[in-house]
């Protein structure tokens, strides 16, 4: 009779003991102290993370916000023959790093930057005031 009375108590005690063990087992282990030395390089230069791109040379094609075709070549650090809808091209715009600043030829002006190694986002406009944003991607390398 005593065994029957102690059996539920034993089950209860065992359950509490296992519960504690399970709680400890489910906890993440404490991080070990690292013996590797770290060197503080200081802050990255402004814009480093956003624009660490290396533009690929080749032919780019895309469209502007009005779905007009935009094409150009990027060779030797210069954008050459920029054209919209197969019109006469913009002869040359110099690229500085990953961007090209506002440059005009005749009535056409362009500016923009590479957002990654093979994608260019920019704006073209004519001197009479029309402006359109474009995106172009490398299609022939």
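The values are calculated or read from the model by the stated rules, or taken from the named source; none is laboratory data. Model, not experiment: these values are computed from the prediction. Here the Cβ positions follow ideal geometry from the backbone for every residue, glycine too, while neighbour counts run over all protein chains shown.
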Since residue 135 meets every condition but one in (1) within 17 Å of residue 54 (Cβ to Cβ); (2) under 20 Å from the mean Cα position of the chain (by Cα); (3) touching a residue at least 24 places away in the same chain (Cβ under 8 Å), which condition does it not meet?
(1)
Would you point out the residue of segment 97-125, among those that are out of contact with any strand residue (DSSP E or B) (no Cβ under 6 Å at 6 or more places or on another chain) and farther than 21 Å from residue 57 by Cβ, that is surrounded by the most Cβ atoms within 10 Å (Cβ to Cβ)?
104
Just wondering, is there one or more residues in segment 71-78 that are under 21 Å from residue 131 (Cβ atoms), modelled with pLDDT of 90 or more and touching a strand residue (DSSP E or B) at 6+ places or on another chain (Cβ under 9 Å)?
yes
Would you pick out the residues in segment 94-132 that are closer than 14 Å to residue 64 by Cβ and free of Cβ contacts under 8 Å to residues at least 12 places away in the same chain?
130, 131
Residue identified as closer than 30 Å to residue 138 by Cα, out of contact with any strand residue (DSSP E or B) (no Cβ under 9 Å at 6 or more places or on another chain) and at pLDDT below 55 among 47, 15
47
